[in-house]
Amino acid sequence: TGTSMQHVVYKETSQLYTAVATGELPVTLGTAGTTGPMYKAGKVRFLASGSPQRLVAYPDVPTVAEAGGPKDYEVSGWNVIATPKGLPPAVRDKIRQDIAEAVASTDVQDRYATLGYVSLSLDRPKIEAFIQAESKRYEAIIKRAKIEMQ
């Protein structure tokens, strides 16, 4: 979008959101999981969600595209479960199966929805392809924006 922002460092995430709630900072980027309590308490306002569709827990919050931003805007965080290299396939598969069952449970899915999370159950080749695609996408953004480590 060509938007320029200054990175302001806070020791704790809660301090950052308090700074927005009190007007010390005009805006911040955050996850629905970490900013949700401040939003639900009426202390901050969500302008838009970086997800491709509205979040189940925040149906009144438009996506960036719906709010007039770029149509292909998507920012999401993700986590993977990693094991040591060389772990026997039977052990790796058992861990994966147990985690998949736990994540598929109603309790976990309900909690994920509350936090604005979406679970993806990908096999190893799809995870590797996803990570490579994300790395390329962010590499292009970093180069285009001339972002450097400080």
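The values are calculated or read from the model by the stated rules, or taken from the named source; none is laboratory data. Predicted model only: the values in this text are computed from it and were never measured. Cβ: placed from backbone, ideal geometry, glycine included. Neighbour counts: every protein chain shown. Side chains are part of the model used for accessible areas, which takes the heavy atoms of the whole protein and leaves out ligands, DNA and RNA. Shrake-Rupley method; radii C 1.70, N 1.55, O 1.52, S 1.80 Å.
Data overview
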| read-out | value |
| --- | --- |
| Residue match in segment 101-121 (condition: of a type in the set (Ser, Thr, Tyr), modelled with pLDDT of 85 or more and surrounded by 10 or more Cβ atoms within 10 Å (Cβ to Cβ)) | yes |
| Output for segment 1-48, where each listed residue is out of contact with any helix residue (DSSP H, G or I) (no Cβ under 7 Å at 6 or more places or on another chain), among the hydroxyl-bearing types (Ser, Thr, Tyr) and closer than 26 Å to residue 112 by Cα | 14, 18, 31, 39 |
| Selection count where residues are part of a helix (DSSP H, G or I) and open to solvent by less than 90 Å² (accessible area, probe 1.4 Å), scope segment 83-100 | 9 |
| Answer from 36, 23, 2 - the residue that is farther than 30 Å from residue 128 by Cβ, out of contact with any His (no Cβ under 7 Å at 6 or more places or on another chain) and in contact (Cβ under 8 Å) with a residue 60 or more places away in the chain | 36 |
| Residue in segment 35-44 that is in contact with a Pro (Cβ under 6 Å, 6 or more places away or on another chain) and open to solvent by 50 Å² or more (accessible area, probe 1.4 Å) present | no |
| Residue that is nearest to residue 69 (Cα to Cα) [pool: residues in segment 2-57 that are assigned to a loop (DSSP other than H, G, I, E, B) and among the aromatic types (Phe, Trp, Tyr)] | 46 |
| Index of the failed condition, residue 80 passing every other in (1) in contact (Cβ under 8 Å) with a residue 40 or more places away in the chain; (2) surrounded by 13 or more Cβ atoms within 10 Å (Cβ to Cβ) | (2) |
| Scan of segment 122-144 for residues that are more than 29 Å from residue 36 (Cα to Cα) and open to solvent by less than 80 Å² (accessible area, probe 1.4 Å), ordered by number | 123, 129, 140 |
| Candidates 127, 141, 131, filtered to the one that is farther than 30 Å from residue 60 by Cα, modelled with pLDDT under 90 and assigned to a helix (DSSP H, G or I) | 127 |
